[in-house]
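The values are calculated or read from the model by the stated rules, or taken from the named source; none is laboratory data. Since the model is a prediction, treat every value here as computed from it, not as a measurement. Positions of Cβ are backbone-derived with ideal geometry, glycine not excepted, and every protein chain shown enters the neighbour counts. Surface accessibility is based on the protein's heavy atoms, side chains included, excluding ligands, DNA and RNA. Shrake-Rupley method; radii C 1.70, N 1.55, O 1.52, S 1.80 Å.
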Amino acid sequence: MVLFEDDSLIGFVCEAPLQQILSSWGARQDDFVKKNAGTLRKSSTKAWNLYSVFLSGDSPSPDEKKAIISIEEDFHATRKIVQTEITTLSDVTRALYSFIPIQNLVSLSTENTLRTLRARLSSVPTAAVEALLDQGKSDDFVVQAFQEAHETKGD
Amino acid sequence: MRLKAIELSGFRGARESLPILFGSGFTIITGRNGSGKSSICDAIEFIFTGHLSRFSAGDVEGGERISDYIWWRDGSTAAHKQVKAIFELENRKTVERIATPEGIRPGFQDDLLFDEKSHPPDPLTRLCQTAIIRDESITRLSTDLPEADRFDFFYKAIGLTDLVTIEQRAHNVYQKLRRNSEDLEKQYAIQRERVAGIISEISQARVTASQAEDIDLPKLRTRLLEIAGLPSDLSLGQLSSAVQRALADLKQRTSALERLKIDVEQLAKWREQSKVLELSSQALEEKLSAADIAMKSAEKGQIEAGERLKSAQVESPAIKLLAQLRQYGSLIGLQNGHCPLCNSVVSEASFSAHLQEIQQAIERTNGTLMQLTEADAAKAAEYSKRKDEFQVQSLELSRLRSELEAARMALQKAEERARTLGVTLDPDDVAREVLSTEKKATELDKGLRDLQASVALDRVAELEKQRDLAQRDAETTARRIEWLATAARNAKSAEDTTKRVSWEAVDECLAALSPLLSELYYRLKPHSDYSDIRYRMRGDVKRFLSFAVGRDINPRFTFSSGQRRALGLAFLLAVHLSRPWCNFHTLILDDPVQHIDDYRALHLAEVLSSIRQLGHQVICTVEDPGLAELLCRRLRSSTADDGVKIELEYEPGMGSRIKEIRSIGPLPERILLSA
């Protein structure tokens, strides 16, 4: 069992076979709360944010899945998280999503698209391409640019 | 940049001033229905865009729109109407923005809110769509959105709209270049036609020119002028036209003389014919006169017979009545020795004799009538016969006179034609004149051909110059057509390439976003059976973005409304967290837990807590006080980023007001360690 705490929550994580988790989760939870009762009284607000996390490498049967859902929907004392089929580090990370920061942030950049477009249009005269990409120019201007660029090229 | 404060005055549900000071970390706004929670979210949107997107602009009811209800009404007049928002920059400096019924006073440059180079068109609307997640729009903008609109929403949210604009422009340019090319093709066809026409003219002119033998042009000219009777100052071109006209005149004269010749041959016949007709007419006139007399006599006889008959007939009605009387008398007979008519006493024999007398009178009268009728009929027949005879002879006389007139007219016309042509009605004279005219025409014709042949040589040279110019013009047009075709192909290529690049960009963005979407979906746990979500993109001209769970199950049609909301939140939060162009990092949620059960509400609270760990400001309105407390506990207040809970209430006649404000301070740290 590993205890954890951050600026808003406290809890424990333990790993066990699924059958053991299903049979003893309540006792483990109560045991944790009882053992840390004095500490938790120091912050009644933080005491609301208690987590009991149970991890197992086993694969649950349909009945066991149902039991897991019942456990997680029990809001008494602590917030319960039961995760099964934990075999890799990313599985563990996923299991702890409830209290870790967003993991897969990405900044969608579209800066390269115009560069890519220019490179793909290398067979088109540059003046025509630049006119096409210039948002401040009218369609008629771009038509004219295309015509002139190709007439010049033809010469 | 984040929201520091907002003040509503006379806006939506806030009649008086409603100042809201936001926590730099998070703000939870709670209150019953109608307390004004959504008005604060409305105010945040309004300060950016000047309208409220959750109401359709075209939505009209009773002639009223949402724009009629932006500012406080209901009879009371608020002290002043405005929305004022204060923003805090990363360097802690503040800037403000004010919206009034007259418009928005920005107060700062928009490039503080978004990156000038990479923002999408209409960036403030995009900002609001991706930063303010409202109860009404959670599924409307995600799971319940048609897949084409969903793609469009995502595309605009991540700032790729430029490529759409470029693609459309390339398409327009291609269409225009194609039209220009078609116009040039038509022009080219006309020019080629002209070249062909000139070449044909050259060929003809060459043929004509080849017929020009050694011609003495001055001598020819003099002779033509003489034959045609033309003035001597004509140019060659004028001479040619004049000779052509003169030749045409001569040919006409020849035809007229030929016709006159025929007439002249007919002259003797016409004269003889006239004599015979005159004699016949005279004889017939005498006969006609006699027939007229006979006809008139017969007419008189018929009239007299008719009058006699008429007189006799006047008496006949009386006879008729008499006949009827006799008949009734016979039928009725004597009535006790009395006459049935006058009731006089009369014997049977006298009565019978009287009846007999009446019968005899009737018979006498009838006999007379018959005779008179026969006589009248005979006279009528006589008259009719005489009349027919007269008419026949009259017609015959008219015919003779017409023929005579025709013969005289023919003679007269022949004389006139001869006078016009300057000849007499002598056949020899006419024949001589025909020969002379034909000779002149022949000479003129030959002379004209010789003249045209001489001119044709110059014409060939001139036409050859024209041909060269026309060919050069056509060649230039042909080259322009080729250039335009290349330009059009390149414009099409640019359109296709842009489409492909934008598709790739979206695909890459979606691929990059996919782990975040999967994570948020997993965190929110909409469905116990489906723990992962995938996206699908398809379409070429129009593009579609759809989701799938499990074995390609479409959640739009299988998830409940609460589950769709959870999925929708995952998508919208993923978009919110991934906007590269946006500098405004505040997340505003307006009642996101409608239709969501407690279990999933807890997951949402955890997600928001994780978002808070990124340093983002979160503003959330909820109705349920318990949920509000949960959020206050979980959203991580710190000394740098504090939290605030605001409870609103609605005061009748006054509008929304703050019932309670509570500061949410940080929770104690390291409790377990200190144990």
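For a quick check of your reading: which strands (runs of 3 or more DSSP E) sit entirely within segment A:1-99 and have at least 3 residues that are not hydrophobic (A, V, I, L, M, F, W, C)?
A:79-83
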**Item:** When residues of segment B:18-37 are limited to those that are among the small types (Gly, Ala, Ser) and within 19 Å of residue B:2 (Cα to Cα), the one surrounded by the fewest Cβ atoms within 10 Å (Cβ to Cβ)
**Value:** B:24
**Asked** Across segment B:243-289, what is the number of residues that are in contact (Cβ under 8 Å) with a residue 12 or more places away in the chain, closer than 30 Å to residue B:439 by Cβ and not small (Gly, Ala, Ser)?
**Response** 17
**Message:** Quick check on my filter: what residues within segment B:633-675 are assigned to a strand (DSSP E or B) and crowded, with 20+ Cβ neighbours inside 10 Å?
**Reply:** B:643, B:644, B:645, B:646, B:648, B:655, B:656, B:664
**Message:** When you check residue B:127 against the structure, is it under 21 Å from residue B:505 (Cβ atoms) and open to solvent by less than 20 Å² (accessible area, probe 1.4 Å), yes or no?
**Reply:** yes
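Given the criterion facing another protein chain (nearest Cβ under 7 Å), surrounded by 15 or more Cβ atoms within 10 Å (Cβ to Cβ) and small (Gly, Ala, Ser), identify the matching residue among A:52, A:98.
Values: A:52 fails: facing another protein chain (nearest Cβ under 7 Å).
Just a single option satisfies the conditions, and that option is A:98.
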**Prompt:** Are there any pairs with C-beta distances below 7 angstrom linking a residue in segment B:317-337 that is β-branched (Val, Ile, Thr) and open to solvent by less than 90 Å² (accessible area, probe 1.4 Å) to a residue that is at pLDDT below 85 and assigned to a helix (DSSP H, G or I), with the two at least 6 apart or on different chains, and if so which?
**Reply:** B:319/B:362; B:319/B:365
**Message:** When you check residue A:54 against the structure, is it farther than 19 Å from residue B:529 by Cα and either assigned by TED's automatic domain parsing to the domain that holds residue A:130 or at pLDDT 90 or above (or both), yes or no?
**Reply:** yes
**Asked** Does residue B:203 fit the bill of being small (Gly, Ala, Ser), closer than 30 Å to residue B:442 by Cβ and within 53 Å of the chain's Cα centre (by Cα)?
**Response** yes
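Can you pull out every residue in segment A:78-90 that is surrounded by 15 or more Cβ atoms within 10 Å (Cβ to Cβ) and of a type outside the set (Val, Ile, Thr)? Outline the logic, then answer.
Residues of segment A:78-90 surrounded by 15 or more Cβ atoms within 10 Å (Cβ to Cβ): A:78-84, A:86.
Correct list: A:79, A:80, A:83.
The rows are residues; the columns are (1) assigned to a helix (DSSP H, G or I); (2) open to solvent by 10 Å² or more (accessible area, probe 1.4 Å); (3) not basic (Lys, Arg).
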residue: B:592; (1), (2), (3): no, no, yes
residue: B:615; (1), (2), (3): no, yes, yes
residue: B:620; (1), (2), (3): no, no, yes
residue: B:631; (1), (2), (3): yes, no, yes
**Prompt:** Here are some residues: B:502, B:518, B:528, B:514. Which one is closer than 30 Å to residue A:132 by Cα and either open to solvent by less than 20 Å² (accessible area, probe 1.4 Å) or facing another protein chain (nearest Cβ under 10 Å) (or both)?
**Reply:** B:502
**Prompt:** Do any residues in segment B:164-191 that are within 9 Å of chain A (Cβ to nearest Cβ) have Cβ atoms under 8 Å from those of residues that are hydroxyl-bearing (Ser, Thr, Tyr) and in a helix (DSSP H, G or I), where the two are at least six apart or on different chains, and which pairs are they?
**Reply:** B:166/B:498; B:170/B:498
**Prompt:** What residue, among those in segment B:202-218 that are surrounded by 16 or more Cβ atoms within 10 Å (Cβ to Cβ) and closer than 23 Å to residue B:473 by Cβ, is modelled with the lowest pLDDT?
**Reply:** B:205
**Subset of segment B:573-590 (residues that are in contact with a strand residue (DSSP E or B) (Cβ under 9 Å, 6 or more places away or on another chain) and open to solvent by less than 10 Å² (accessible area, probe 1.4 Å))** = B:573, B:576, B:581, B:582, B:584, B:586, B:587, B:588, B:589, B:590
**Conditions (1) buried (at least 19 other Cβ atoms within 10 Å of the Cβ); (2) without any contact (Cβ under 8 Å) to a residue 40 or more places away in the chain; number of the one not met by residue B:68** = (1)
**Request:** Could you list, in sequence order, all residues of segment B:531-549 that are small (Gly, Ala, Ser) and either open to solvent by less than 30 Å² (accessible area, probe 1.4 Å) or over 21 Å from residue A:95 (Cβ atoms) (or both)?
**Result:** B:539, B:546, B:548
**Fill in**
Within segment B:367-388, the residues that are without any contact (Cβ under 8 Å) to a residue 40 or more places away in the chain, within 30 Å of residue B:287 (Cβ to Cβ) and among the aliphatic types (A, V, I, L, M) are B:377, B:381
**Asked** Given the conditions (1) within 12 Å of another protein chain (Cβ to nearest Cβ); (2) of a type outside the set (D, E, K, R); (3) surrounded by fewer than 22 Cβ atoms within 10 Å (Cβ to Cβ), which single one is not true for residue B:145?
**Response** (1)
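Scanning for something touching a Pro at 6+ places or on another chain (Cβ under 9 Å), of a type in the set (S, T, N, Q), at pLDDT 90 or above and under 27 Å from residue B:155 (Cα atoms), does segment A:102-110 turn up at least one residue? Steps first, please.
Taking segment A:102-110 and keeping what is touching a Pro at 6+ places or on another chain (Cβ under 9 Å), we get A:103-104, A:106-110.
Subset that is of a type in the set (S, T, N, Q): A:103-104, A:107, A:109-110.
Those still in the list that are at pLDDT 90 or above too: A:103-104.
Now narrow it down to the ones that are under 27 Å from residue B:155 (Cα atoms): A:103-104.
Looking for residues that are touching a Pro at 6+ places or on another chain (Cβ under 9 Å), of a type in the set (S, T, N, Q), at pLDDT 90 or above and under 27 Å from residue B:155 (Cα atoms), one finds at least one in segment A:102-110, hence yes.
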